[in-house]
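S.K.: The following block contains the structure, expressed as structure tokens.
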Amino acid sequence: MSAPTVAPKSPSREERRKRRTALIGGSLGNLVEWYDWFVYASFAIYFADSFFPGDNPTTQLMNTAGIFAVGFLMRPVGGWILGRAADRHGRKSALTLTVTMMSAAALLIAVAPTYGQAGYFGALVLLLARLLQGLSIGGEYAASATYLTEASAPGRRGLGSSFQYVSMTCGQLLGLGILITLQHTLTTAQLESWGWRIPFVFGALFAGVVFWLRR
């Protein structure tokens, strides 16, 4: 005689709420990370001459792109370091750390002094910010996929983990939307003078909100 089939226990309302909060926090953090990563590349044309002197825009952009490339070198390092930290201390603490670093990096870029104000010190601040962004996004990418999978209900983990890619694309679209808005609101001279700092201020504020959610 076969044993009776036991129906799986339905999750409580509190459990469903916690899962939704975890998915929102994980997804929004990933969105902010990729937003900050994208706006550097999209606004570089406006702030390149603020950090590198000269009359050759191509050289200025190449120098800015070189600093951008440093972030890619740091991504695997961040994935390894923060992946280990997530295993030892929990995904939540690691993901809170990644968004903290990204917020700090965005704030550094937003307040970085120009070449006319502090010489190449401004470029060093930019370099430090990109190092932090590379570490941050490497750790975010490694830990958030695992976290979103673990936070999803059994039977819906494929859907839950898909929010990593969805939120990444949404972050890039958000950065593009702010770029288009500022291009239609400010003049080119204003964007080159101070307007390029606006998206990084937004990035720091967005990251602060996500930090609160993840805490």
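S.K.: Of (1) closer than 23 Å to Thr98 by Cα; (2) at pLDDT 95 or above; (3) out of contact with any helix residue (DSSP H, G or I) (no Cβ under 6 Å at 6 or more places or on another chain), Gly177 satisfies all except one. Which?
M.R.: So the condition that Gly177 fails would be (1).
S.K.: Sticking with this one: Picking from Gly119, Gly71, Gly66, Gly78, which residue would you name as being in contact (Cβ under 8 Å) with a residue 40 or more places away in the chain and either farther than 22 Å from Ile178 by Cβ or of a type in the set (Phe, Trp, Tyr) (or both)?
M.R.: Sole residue among the options that is in contact (Cβ under 8 Å) with a residue 40 or more places away in the chain and either farther than 22 Å from Ile178 by Cβ or of a type in the set (Phe, Trp, Tyr) (or both): Gly78.
S.K.: Could you grab me the full set of residues in the range 180-207 that are surrounded by fewer than 17 Cβ atoms within 10 Å (Cβ to Cβ) and within 23 Å of Ser136 (Cα to Cα)?
M.R.: Val201, Leu205
Listed here are the residues, each with its yes/no results for (1) more than 26 Å from Ile137 (Cβ to Cβ); (2) modelled with pLDDT of 90 or more.
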{"site": "Thr21", "(1), (2)": "no, no"}
{"site": "Asn30", "(1), (2)": "no, no"}
{"site": "Phe47", "(1), (2)": "no, yes"}
{"site": "Phe51", "(1), (2)": "no, yes"}
{"site": "Thr58", "(1), (2)": "yes, yes"}
{"site": "Val77", "(1), (2)": "no, yes"}
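S.K.: Checking the conditions here, which among Gly119, Gly160, Gly90 is of a type in the set (Gly, Ala, Ser), at positive phi and modelled with pLDDT under 85?
M.R.: Answer to the selection: Gly90.
S.K.: Going through the range 79-104 one residue at a time, which ones are assigned to a helix (DSSP H, G or I), small (Gly, Ala, Ser) and within 19 Å of Leu213 (Cβ to Cβ)?
M.R.: Of everything in the range 79-104, those that are assigned to a helix (DSSP H, G or I), small (Gly, Ala, Ser) and within 19 Å of Leu213 (Cβ to Cβ) turn out to be Ala86, Ser93, Ala94, Ser103, Ala104.
S.K.: If the requirement is being crowded, with 24+ Cβ neighbours inside 10 Å and small (Gly, Ala, Ser), which of these qualifies: Ala106, Ala41, Ala86?
M.R.: Criteria check complete, one pass: Ala106.
S.K.: What number of residues in the range 155-168 are of a type outside the set (A, V, I, L, M) and either buried (at least 17 other Cβ atoms within 10 Å of the Cβ) or touching a residue at least 24 places away in the same chain (Cβ under 8 Å) (or both)?
M.R.: The number of residues fulfilling the criteria is 5.
S.K.: Assess whether Arg84 counts as being out of contact with any helix residue (DSSP H, G or I) (no Cβ under 7 Å at 6 or more places or on another chain) and among the basic types (Lys, Arg).
M.R.: yes
The values are calculated or read from the model by the stated rules, or taken from the named source; none is laboratory data. What you are looking at is a predicted structure, and each value in this text was computed from that prediction instead of being measured. Neighbour counts run over all protein chains shown; Cβ positions are idealised from the backbone, glycine included.
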